[in-house]
Amino acid sequence: MTRYLFRDTESYLLMAKSKLRIIPIGGLGEIGKNMTVFEMGNDAFIIDTGIMFPANDMHGVDYIIPDFRYLQERKDLKIHAIVYTHGHEDHIGAVSHVVEAFPNTPIYATPLTAGLLEVRLKERRALDKTKINVFNSGDKLKVGPFMLESFHMCHSIPDCVGFGIYTPYGLIVYSGDYKFDNSPVDGKKPDYARLARFASEGVTLLMAESTNADKPGWTPSETVIDDAFDRVFKKAKGRIFVATFASLISRVQQVVNAAERYGRKVAVAGHSMSENVKMARRLGILNLPDSMLLDVSKLNSISDNQVVIMLTGAQGEPTAALTKVANGEHRQLKQAFPFRALRRDEKTCCNCTGDSPETQVPLLR
Ligand SMILES: [Zn+2]
């Protein structure tokens, strides 16, 4: 059993003298920039390398990366790997910056996360700086002297994992972002059995994602969104725009399913979301048949009530497709929809609530 991997070995005795340090470079007490370093002696590995989206008043800032100068200064430190919990931007978005700072550090990720990382690294021309190793939830990873056992977790994106991290000081359980969702979109529940086994082995430290942890109650299952889509799709007479994160493949699947139920085709606007959709279809994670996919350039060839357009920008990110449409800067969707009205003050799109009186465009959040 991995737990006893280091026992009775010379390396265990050597390592037992080294302090174990867990250093949150970002993501603690803030939303975004998730990046944590585990370090023992001269050996280290990183979990996640995320970005933070800029606040409304950070004009000209595309995104914010974690401040990892500490690692750059620690020349003695051998970073054995970067492992990823899931593919959200706030967990993978800074990957190109980190692999450029630490070239040839291998990456470990589950299939969807690996695909999203590949898209991101290609965009930033940094794919040749690292090697992406794919693993499946439940797999064990030997990362330098550390032994990691991954376990499946639910969240708002498929292929999420947490890690049991075996150290000479005991077992650390790192949850990653999680939701105890018993009716997830992809049907895969959290790996309760493995969590129970960890508990029976004895957990020295639990590191659990804490967003909204101070709010009592349960987060509703992702599937409640299906009912909301049904209500909107049933009523909508014209085009439907759905804004979400480029990496939110489960949400894309839900939109595709709703589109199918209501006889609409799906168009995907924006580079990052198009690339992610392409990759997820290739991996078989996203079920979107060719017959339902419509190129954005062909939008004028179809009635408004037969299409749903997916795009990024739910949070008013300055470079997202929705923001470009709202500013009249989107190449193909400039005249497609009077979105400008949604941005009638300095606040971003997501801060606008209710219907737009100028255009009678219903906005649902
Ligand atoms: Zn997440």
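Below are the figures for this structure:
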{"item": "Failed item, numbered, when Gln360 is tested on (1) at positive phi; (2) polar (S, T, N, Q); (3) modelled with pLDDT of 75 or more", "result": "(3)"}
{"item": "Cβ-Cβ under 7 Å pairs, at least 6 apart or on other chains, the stretch 83-110 side farther than 17 Å from Asp67 by Cβ, far side within 11 Å of the ligand (Cβ to nearest atom) and of a type in the set (A, V, I, L, M, F, W, C)", "result": "Tyr84/Ile92; Thr85/Cys160; His86/Ile157; His86/Cys160; Gly87/Ile157; His88/Ile157; His88/Phe245; Glu89/Phe245"}
{"item": "Test: Ile31 is in the same structural domain as Glu118 (by TED's automatic domain parsing) and modelled with pLDDT of 95 or more", "result": "no"}
{"item": "Residue that is in contact with a helix residue (DSSP H, G or I) (Cβ under 9 Å, 6 or more places away or on another chain) and without any contact (Cβ under 8 Å) to a residue 60 or more places away in the chain, where the choices are Lys278, Lys298", "result": "Lys278"}
{"item": "Set Val61, Val83: member being within 16 Å of the ligand (Cβ to nearest atom), of a type in the set (Val, Ile, Thr) and more than 16 Å from Arg21 (Cα to Cα)", "result": "Val83"}
{"item": "Pair list, Cβ under 6 Å, 6 or more apart: the stretch 150-179 residue among the acidic types (Asp, Glu), other residue within 15 Å of the ligand (Cβ to nearest atom) and not in a loop (DSSP other than H, G, I, E, B)", "result": "Asp159/Leu112; Asp159/Thr113"}
{"item": "Test: residue in the stretch 220-240 that is out of contact with any Ser or Thr (no Cβ under 9 Å at 6 or more places or on another chain), under 23 Å from Thr110 (Cα atoms) and in contact (Cβ under 8 Å) with a residue 60 or more places away in the chain", "result": "no"}
{"item": "All strands (runs of 3 or more DSSP E) inside the stretch 102-220 with 3 or more residues being within 14 Å of the ligand (Cβ to nearest atom) and assigned by TED's automatic domain parsing to the domain that holds Lys19", "result": "160-167"}
{"item": "Any chance Asp214 is within 26 Å of Phe180 (Cα to Cα), more than 18 Å from the chain's Cα centre (by Cα) and of a type in the set (Asp, Glu)", "result": "yes"}
{"item": "Matching option when the condition is under 28 Å from Gly270 (Cα atoms), within 16 Å of the ligand (Cβ to nearest atom) and in a loop (DSSP other than H, G, I, E, B), among Pro54, Pro66", "result": "Pro66"}
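The values are calculated or read from the model by the stated rules, or taken from the named source; none is laboratory data. Just so it is clear, the structure is predicted and the values come from calculations on it, not from any experiment. No Cβ is skipped: glycine too gets one built from the backbone with ideal geometry, and neighbour counts run over all protein chains shown.
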